[in-house]
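Input: a single structure, listed below in structure tokens.
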Amino acid sequence: MKLKYQKLVLRYAAIYNLIWGAWVVLFPQHFFELVGMEKINHPMVWQGMGMVIGVYGLGYWWASYNPHKHWPIIMVGFLGKIFGPLGFVFNYAQGLVPFEFFYTLITNDFIWWIPFFLILKDVHVKTNWKLS
């Protein structure tokens, strides 16, 4: 049952990341329009972020076939979901980024914290982080 849940979580994460990444690459100004922010001068940077998120989606899909074997992919994603919000807080506190960027953290990071943590916890208990 746990493994089926883990595969499902990773597939949902994969689909979400692929869709979000494609959206940002194809329509780089749309997010800024939606939240009422000023359009960005260099959309290529934001599109690069979309490409990275989309590539994470491919990793999650591949990891879904065997989460215990491919736990490092899940760990890299989980760390990104921790460090992304920390980077936002750091930059927001300095006045370098508007609060509206917080909205991306909800669906890109926060909703995945518990499911990814539970997958990694299960992997640790069952394999003690073996790479093979």
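The values are calculated or read from the model by the stated rules, or taken from the named source; none is laboratory data. Fair warning: this is a prediction, and the values are worked out from it, not measured in the lab. For neighbour counting, all protein chains shown are included, and Cβ atoms are generated from backbone atoms with ideal geometry for every residue, glycine included.
What residue, among those in the range 87-98 that are at pLDDT 95 or above and touching a Phe, Trp or Tyr at 6+ places or on another chain (Cβ under 9 Å), is nearest to Asn17 (Cα to Cα)?
Phe88
If a residue must be more than 16 Å from the chain's Cα centre (by Cα) and surrounded by 13 or more Cβ atoms within 10 Å (Cβ to Cβ), how many such residues does the range 90-117 contain?
Qualifying residue count, the range 90-117: 5.
Between a first residue in the range 43-69 that is closer than 30 Å to Val125 by Cα and a second residue that is of a type in the set (Gly, Ala, Ser) and loosely packed, with under 14 Cβ neighbours inside 10 Å, which pairs have beta carbons less than 9 Å apart while being 6 or more apart in sequence or on different chains?
Lys69/Ser132
What pairs come up if the first residue lies in the range 82-95 and is without any contact (Cβ under 8 Å) to a residue 60 or more places away in the chain and closer than 12 Å to Phe110 by Cα, the second is among the polar types (S, T, N, Q) and surrounded by 13 or more Cβ atoms within 10 Å (Cβ to Cβ), and their beta carbons are under 7 Å apart, counting only those six or more places apart or on different chains?
Listed pairs, sorted by first residue: Gly84/Asn108.
Go through Gly80, Gly57, Gly84 for me and flag whichever is surrounded by 14 or more Cβ atoms within 10 Å (Cβ to Cβ) and either farther than 22 Å from Phe117 by Cα or touching a Gly at 6+ places or on another chain (Cβ under 7 Å) (or both).
Only one candidate passes the filter, namely Gly57.
Taking Val123 as meeting all but one of (1) surrounded by 15 or more Cβ atoms within 10 Å (Cβ to Cβ); (2) at pLDDT 95 or above; (3) over 16 Å from the mean Cα position of the chain (by Cα), write down the number of the exception.
It fails just one condition, (2).
Are any residues in the range 60-77 in a helix (DSSP H, G or I) and buried (at least 20 other Cβ atoms within 10 Å of the Cβ), and if so, which ones?
Correct list: Tyr60, Ala63, Ser64, Trp71, Ile74, Gly77.
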